[in-house]
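The values are calculated or read from the model by the stated rules, or taken from the named source; none is laboratory data. In this text the structure is predicted, and so the values were computed from the model without any measurement. Cβ sites come from the backbone with ideal geometry, for glycine too, and all protein chains shown count toward neighbours.
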Amino acid sequence: MKKMLMKSFSQQLLFVFFLFGAMAFASSASAQSLNWKSEQDAQAALMVQVKVHATILGASSPGSTDYNNALQHVVYYKGIIRLIAQGETTEVATDKATVDAAGALNDPLATAATAGPKNGMIALYDEAVGFLTN
């Protein structure tokens, strides 16, 4: 009985490891299958987005939802631009900017805007990936 339980447990454990490995491979394969824009094209696309959101900033009241959303976009996109200018690839800059967007401009308002919920940064990242890939 004990031997049978151990065999069953080891088979289940092996299955879990196999499933985990398959999921990890699938997620890395999907990330690698994206065709990222060149750094020059990415910077141009990001500058367009920064201008659009800067216009929204100018037309919105500080502290409003529209203002905070536009500020978060500007800070994140400028963070990506800054990292690309420092030599990062578009993909790496997009990833890294989600982590350090709050400090990208050394601006307390920017820090407050990017300190929002994690889901907001995930949505912002997904949006950036959408227009930075072909």
Could you list all residues from the stretch 87-101 that are in a helix (DSSP H, G or I), touching a Lys or Arg at 6+ places or on another chain (Cβ under 9 Å) and closer than 13 Å to L132 by Cβ?
T90, A93, A97
The stretch 79-93, subset touching a residue at least 40 places away in the same chain (Cβ under 8 Å) and polar (S, T, N, Q), residue surrounded by the fewest Cβ atoms within 10 Å (Cβ to Cβ):
T89
Working carefully through the options A113, A24, A42, find the one that is at pLDDT below 55 and in contact with a Leu (Cβ under 6 Å, 6 or more places away or on another chain).
A113
List pairs: first in the stretch 58-78 and over 19 Å from D95 (Cα atoms), second assigned to a helix (DSSP H, G or I) and among the charged types (D, E, K, R), Cβ under 6 Å, 6+ apart or cross-chain?
S60/D66
